[in-house]
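Peer 1: First the structure, which I've put down as structure tokens, then a few questions once you've had a look.
The values are calculated or read from the model by the stated rules, or taken from the named source; none is laboratory data. Remember, it's a predicted structure, so these values are computed and weren't measured experimentally. With ideal geometry, Cβ positions are generated from the backbone for all residues, glycine too; neighbour counts draw on all protein chains shown. All accessible areas refer to the heavy atoms of the entire protein, side chains included, with ligands and DNA or RNA removed. Shrake-Rupley method; radii C 1.70, N 1.55, O 1.52, S 1.80 Å.
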Amino acid sequence: MRILILGGDGYLGWPTAMRLSARGHEVSVVDNFSRRRWHVQHSTDSLIPVRPLAERIDAWREVSGNEISSFVGSIEDAEFIDAVLTDTAPETIVHYGEQPSAPFSMISRKHALETQRTNVLGTLNLLFGIRDKVPDCHLVKLGTMGEYGTPEIDIEEGFIEIEHKGRKDTLPFPKMPGSLYHLSKVHDSHNIHFACRIWGLRSTDLNQGVVYGVETDETALDERLTTRFDYDEVFGTVLNRFCVQAVIGHPLTVYGEGGQTRGFLNIRDTLQCVELAIGNPPELGEYRVFNQFTEQFSVSELAELVRRSAAEVGYEVEVRKYPNPRVEAEQHYYNAVNTKLLDLGLKPHHLGEELVRSMLETIERHRDRVIERAILPSTQWKPGELEVPEIAALRAPRPR
Ligand code: NAD
Ligand code: USQ
């Protein structure tokens, strides 16, 4: 199959490109390197050094004998994306190419605008490109579980049957996201659904939970093929952050009460899910949603798992509750359905002490690269409300 991966230089995009290339697909990637630029702007970096995209592609050719083509440009650039679609004629597009951080979207007006411009306009521009150049193509779009928020009812996979005043309909599940980033994904979902309903395009919206882990079969082949691994307060996700904190002796940064519960999955399962979506495409005109996670954990449960796993290999770890820089429920009901990918054959990798210890081992090899200043949370959902002296003293000057 001809497959185009948008955001192919990223944490998930690069391992996906290698996996699909290893399976014999004809793979092209698009990236504008904005993620690398945002790190430069914030004086942060991936814990594991990542080679430039062109070097990684050369290394992949050398290791696997397979070719990956690359295009450097922005998804929201109409001329660029149309030219790439014409050139590559993809049968499937996997769209990872967005600003992925909730805290980034809440730093300032400028960051919020950049997030929604990149994500919402990028995806809308892509939809026009698909309509005009490759209307049969299957769009596999990375959405997020956070689109739903934390309602008092079970979360269904995209749609819910509603009975209202004696009449019934199946409608999009209500959305109540907790950041301007998560909200950008809601806007994307509406635009994609619209393009399927009105133009007859086809798409799978993968509402993914929080991803953890650093290794896939392909990244493990050669150190030049590793993917990025972030732990800073803006781009690091919670389990990846806790593991780095455990290794360097920083208290684990539980925000608030730690009862926040989310869906999680191993990076290996991200690749499995994307492969399953690609291999089982929807009909033309169909818009479907899969909830893409394998297990639910609260933040406190994760902190305890990391503390226990790290203690067994000699790290002394303190779990500490910090005033929550976000506005979110800290104790709440959470029960999300995730059967569609399991029905297609997903075999989950479950999270346990062994996996955490292997992450600690990888982190230990790079511990001298940790930028400690970037760990404590300084991005606040309501600026000025939470002045924590310990955090304020360490806060890095931030570009506005
Ligand atoms: P990432 O930042 O590592 O990857 C995104 C890539 O897209 C980057 O390389 C970036 O340079 C590129 N990009 C961004 N905007 C672009 C644009 N306009 N044009 C071209 N390239 C652009 O992020 P990730 O963690 O790999 O996430 C990938 C996708 O999955 C995102 O859409 C994110 O919202 C979603 N997601 C991630 C997670 C997670 O835990 N990592 C969980 C759920 C959903
Ligand atoms: N949290 C802590 N301590 C930390 C970091 C986070 O307690 O040091 C808490 C947060 O307050 C939140 C939870 O952990 O309640 C998850 O936070 P996160 O930063 O790991 O994840 P989130 O901001 O939700 O975003 C990440 C990815 C995003 C993806 C989303 C999936 O960055 O791209 O869309 O996970 S989901 O959460 O299901 O929406």
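Peer 1: Name the single residue that is farthest from residue 252 (Cα to Cα) among those in segment 335-350 being open to solvent by 20 Å² or more (accessible area, probe 1.4 Å) and within 16 Å of ligand 1 (Cβ to nearest atom).
Peer 2: Checked segment 335-350; the qualifying residue farthest from residue 252 (Cα to Cα) is 338.
Peer 1: Quick one: would you say residue 317 is assigned to a loop (DSSP other than H, G, I, E, B), crowded, with 17+ Cβ neighbours inside 10 Å and more than 16 Å from ligand 1 (Cβ to nearest atom)?
Peer 2: Against the criterion (assigned to a loop (DSSP other than H, G, I, E, B), crowded, with 17+ Cβ neighbours inside 10 Å and more than 16 Å from ligand 1 (Cβ to nearest atom)), residue 317 qualifies.
Peer 1: Turning to a different aspect of this structure: Tally time: how many residues in segment 147-202 are among the basic types (Lys, Arg) and within 12 Å of ligand 2 (Cβ to nearest atom)?
Peer 2: Of the residues in segment 147-202, 2 are among the basic types (Lys, Arg) and within 12 Å of ligand 2 (Cβ to nearest atom).
Peer 1: Is it the case that residue 107 is away from ligand 2 (no atom under 16 Å from the Cβ), open to solvent by less than 30 Å² (accessible area, probe 1.4 Å) and at pLDDT 95 or above?
Peer 2: The answer is no for residue 107.
Peer 1: Separate question: Would you check if residue 305 is assigned to a helix (DSSP H, G or I) and without any contact (Cβ under 8 Å) to a residue 24 or more places away in the chain?
Peer 2: For residue 305, the condition - assigned to a helix (DSSP H, G or I) and without any contact (Cβ under 8 Å) to a residue 24 or more places away in the chain - is not met.
Peer 1: Restricting to segment 110-120, and then to whatever is without any contact (Cβ under 8 Å) to a residue 60 or more places away in the chain and away from ligand 1 (no atom under 12 Å from the Cβ), can you tell me which residue is least open to solvent (accessible area, probe 1.4 Å)?
Peer 2: Among those that are without any contact (Cβ under 8 Å) to a residue 60 or more places away in the chain and away from ligand 1 (no atom under 12 Å from the Cβ), it is 111.
Peer 1: Does residue 249 meet the test of being open to solvent by 10 Å² or more (accessible area, probe 1.4 Å) and more than 8 Å from ligand 2 (Cβ to nearest atom)?
Peer 2: So residue 249 fits the description; yes.
Peer 1: Is there any pair linking a residue in segment 15-29 that is outside any helix (DSSP H, G or I) to one that is open to solvent by 10 Å² or more (accessible area, probe 1.4 Å) and not small (Gly, Ala, Ser), with Cβ under 6 Å and at least six apart or on different chains, and which?
Peer 2: Close Cβ pairs (under 6 Å, with a partner that is open to solvent by 10 Å² or more (accessible area, probe 1.4 Å) and not small (Gly, Ala, Ser)) amount to 25/1; 26/2; 28/88.
Peer 1: Next up: Return yes or no: is residue 88 over 23 Å from the mean Cα position of the chain (by Cα) and either of a type outside the set (S, T, N, Q) or farther than 17 Å from residue 234 by Cβ (or both)?
Peer 2: Yes.
Peer 1: Can you pull out every residue in segment 214-239 that is open to solvent by less than 30 Å² (accessible area, probe 1.4 Å), within 26 Å of residue 261 (Cα to Cα), at pLDDT 95 or above and within 13 Å of ligand 1 (Cβ to nearest atom)?
Peer 2: Listed by number, the residues that qualify are 216, 228, 229, 230, 231, 232, 234, 235, 236, 239.
Peer 1: Mind checking which strands (runs of 3 or more DSSP E) fall wholly inside segment 121-172 and carry at least 3 residues that are aliphatic (A, V, I, L, M) and within 16 Å of ligand 1 (Cβ to nearest atom)?
Peer 2: 138-144
Peer 1: So, of the residues in segment 365-398 that are part of a loop (DSSP other than H, G, I, E, B) and exposed (fewer than 12 other Cβ atoms within 10 Å of the Cβ), which turns out to be modelled with the lowest pLDDT?
Peer 2: Among those residues, the one meeting the criterion is 397.
Peer 1: How many of the residues making up segment 240-262 are within 16 Å of ligand 1 (Cβ to nearest atom) and within 15 Å of residue 368 (Cα to Cα)?
Peer 2: 2
Peer 1: Please go through segment 60-93 and give me each residue that is assigned to a helix (DSSP H, G or I), touching a Leu at 6+ places or on another chain (Cβ under 9 Å) and of a type in the set (S, T, N, Q), ordered by number.
Peer 2: 64, 88
Peer 1: Now a separate question. Could we say that residue 204 is open to solvent by less than 20 Å² (accessible area, probe 1.4 Å), part of a loop (DSSP other than H, G, I, E, B) and more than 20 Å from residue 33 (Cα to Cα) here?
Peer 2: It is false that residue 204 is open to solvent by less than 20 Å² (accessible area, probe 1.4 Å), part of a loop (DSSP other than H, G, I, E, B) and more than 20 Å from residue 33 (Cα to Cα).
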